[in-house]
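J.: Take this structure first; my questions come after.
A short reminder: the numbers here are calculations on the coordinates, not readings from a lab. All values reported here derive from a predicted model rather than from experimental measurement.
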Amino acid sequence: MAMSINANNNEAEGVWEFKLVGEVDISNAHYFKTQLETALAEKKQNIRIDLSELNYIDSTGLGVVIGCYGQIKKEGLSVKLVDPKPNVKKLLTISGFDKVLL
């Protein structure tokens, strides 16, 4: 399955909102990373990633999120993941990143 990303700069809340749809894996994680980098180059602000329509994420996709978290944390900003499906939440819990990103 393919992935699509809906990105929105929510000026009122000072946050980039990303909605991931489909699957993030090794075949498309670079596109996700590019979208995050482009947004942050345009305006550095907090990031919220809606996972409600994300069916699957592999370790490459998770690596993109973690890399973004590490980069944005240095700026004093945050990355939050919201509304993950049970299988995605399980991966976050197993990796320990649920405590940091949810």
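J.: To test your reading of the geometry: what angle, between 0 and 90 degrees and rounded to tens, separates the Cα axis of helix 86-95 from the longest principal axis of the chain?
T.: Approximately 80 degrees, to the nearest ten.
J.: A follow-up question, please. Taking the chain as the reference, fit the longest principal axis to its C-alpha atoms, fit the long axis of helix 29-42 to the helix C-alpha atoms, and give the angle between the two in degrees, 0 to 90, nearest 10.
T.: Roughly 10 degrees between the two axes.
J.: Can you check what the Kirkwood hydrodynamic radius comes to for the chain, Cα pairs only, in Å to one decimal?
T.: Here the Kirkwood hydrodynamic radius works out to 13.5 Å.
J.: While we're looking at this one, here's another question. Could you work out the relative contact order of the chain? I mean the mean sequence separation of Cα pairs under 8 Å and 6+ apart, divided by the number of residues, in percent.
T.: Worked out over the chain, it gives 26 percent.
J.: Checking the table Lys33/Lys99; Lys44/Lys90; Lys19/Lys74; Lys43/Lys90 against a 27 Å threshold on Cα-Cα, which pairs fail?
T.: Lys44/Lys90; Lys43/Lys90
J.: Using alpha carbons only, how many degrees (0 to 90, rounded to 10) separate the axis of helix 59-73 from the longest principal axis of the chain?
T.: Helix 59-73 sits at roughly 20 degrees to that axis.
J.: Counting each DSSP H run of 4 or more residues in the chain as -39500 (n - 2.57), what helix-only mean residue ellipticity at 222 nm follows after dividing by all residues, to the nearest 500 deg cm²/dmol?
T.: Rounded to the nearest 500, it is -12500 deg cm²/dmol.
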